[in-house]
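Scroll down for the structure; my scribbles are underneath it.
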Amino acid sequence: MRRLVLILACALCAGLSGVAQVVQVSHIERMAVPEDAAQVAGVSPAGNYVLLTSECHGGLTLLDLATGERRVISAAAGAGYNVGVSQDGNHIVYRQVGIDNKKLRQVGVQHYNITTGVTQPLAAPSRGLQAVQVMGNTVMTVDKGQASVKRLDGSQAAKAVMAYATQNYELMVAVNGKTRHLTPLGADKRYIWVSLSPGGEKVLFYVSGDAAYVCNIDGTGLQKLGTLRAARWLDDNIVVGMNDKDNGETYVSSEIVAVDLQGHRQVLTGKEVIAMYPQCGGGKIAFSTPTGEIYLIHLTK
């Protein structure tokens, strides 16, 4: 198995030497996952487990990386979309999509406690849910423009900050319940793939048809990161995303790329695999392919 992992690492990273070193890659492995798992929904902050979901974000399964144990957390529609994991790794927050008696789509928020195995509702099903975000051990939700904060473990966050995009692709930042509309590149742009840095000081986002950017939570300090779609924070200084290309019908290539805030850029995968939608945590980067394969990049400090 060790030889297989090393061979895979050499193949996927072939030709990548000599580029700027944003991170150090130890090896890359293809993971054995359930047949119904097609995407990675998250990686724990400690890197000891990954969360898996279907191609359409249905259901949520926890895969323990040390033991290979699988635990089904939810079979609900939408459970694998923008999953939140607490900093201590003990709490998972996910969406649950349902249909009300008027046949209208509603979205609720659920909290799963890994230690106890208990699931509890955090937000009742609603047609107005705009955003859900976990920062530290605190979860924040926005429903019909109203932000609310709930502690998952009894601790208190020093500052409750969240960043999200509205259904109209507006960039919003909420600080201690006060929401602000940011327009760092103008109000006519479409802001997507929005996320907050682990320290809560910077916002990462993508402008449709343009590039990925980072700015401070007040909209100042704008930095262009280039083509980096579906990007995630690895830490407060490094983001990881994908550079994908298609022919109008199917993806023809995609590579995982790491970029730091000093402007260095490093391609982490080779052309042998179409690597997409990375998730980061605990010195690991997980990604999937259009055919449902899931890989894990192991980083060294």
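The numbers here are math on the coordinates, done by the rules we state, and not lab data. Just so it is clear, the structure is predicted and the values come from calculations on it, not from any experiment. Reconstructed Cβ throughout: ideal geometry from the backbone, glycine too, with neighbour counts over all protein chains shown.
Below is a table of values for the structure above.
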item	result
Within-11-Å neighbourhood charge of Trp193 [Cβ basis; K, R +1; D, E -1]	+3
Set of lysines with alpha-carbon distance to Lys224 below 18 Å, sequence-local pairs under 8 removed	Lys189, Lys202
Additional length obtainable on full extension of the chain from Glu249 to Val72, 0.36 nm per residue less Cα span	60.4 nm
GNM result for the chain, Cα springs below 10 Å: residue of Val83, Val214, Val175 fluctuating most strongly	Val175
Reachable lysines from Lys102, criterion Cα separation under 22 angstrom, eight or more residues apart if same chain	Lys144
From phi via Karplus (6.51, -1.76, 1.60), per-residue ³J(HN,Hα) for the stretch 176-182 in Hz, x at Gly/Pro	6, x, 9, 9, 10, 8, 9
Candidates per GluC sites (Glu not before Pro) in the stretch 223-292, loop by DSSP, up to 13 other Cβ within 10 Å	Glu249, Glu272
Total charge dipole magnitude, the chain, about the Cα centre, Cβ charges on Lys, Arg, Asp, Glu only, Debye to nearest 20	500
DSSP-loop GluC sites (Glu not before Pro) across the stretch 19-85, with at most 15 other Cβ within 10 angstrom	Glu35, Glu55, Glu69
Rough spin-label spacing in nm, given labels placed 7 Å along Cα→Cβ, for Arg105 and Ala124	2.2
Mean Cα-pair separation over length for the stretch 32-132, i.e. relative contact order, pairs under 8 Å, 6 or more apart, %	17
Theoretical ellipticity at 222 nm over the chain - DSSP helices of four or more residues, -39500 (n - 2.57) apiece, nearest 500	-1000 deg cm²/dmol
Amide hydrogen neighbours beyond the local backbone of Gly42, cut-off 5 Å, H modeled	Leu51
Highest-fluctuation residue, Lys189, Lys224, Lys245 considered, GNM on the chain with Cα pairs under 10 Å	Lys245
Cα-centred dipole magnitude for the stretch 231-291, charges only on beta-carbon of K, R (+1) and D, E (-1), debye, nearest 20	80
GNM flexibility winner over the chain from Gly128, Gly89, Gly283 (Cα, springs under 10 Å)	Gly128
In order through the stretch 58-65: 3J(HN,Hα) via Karplus (6.51 cos²θ - 1.76 cosθ + 1.60), integer Hz, x for Gly, Pro	x, x, 8, 10, 9, 10, 6, 6
Distant-in-sequence amide H partners of Ala76 (H built 1.01 Å from N, under 5 Å)	Gly59, Leu60
The stretch 32-132 - charge dipole about Cα centre, Lys and Arg +1 at Cβ, Asp and Glu -1, debye rounded to 20	500
For the stretch 141-152, 3J(HN,Hα) per residue [Karplus equation, 6.51 cos²θ - 1.76 cosθ + 1.60, θ = phi - 60°, Hz, x = Gly/Pro]	10, 10, 10, 6, x, 9, 8, 9, 10, 9, 7, 8
FRET efficiency, Asp218 to Val149 (Cβ-Cβ, R0 35 Å, nearest 0.05)	0.95
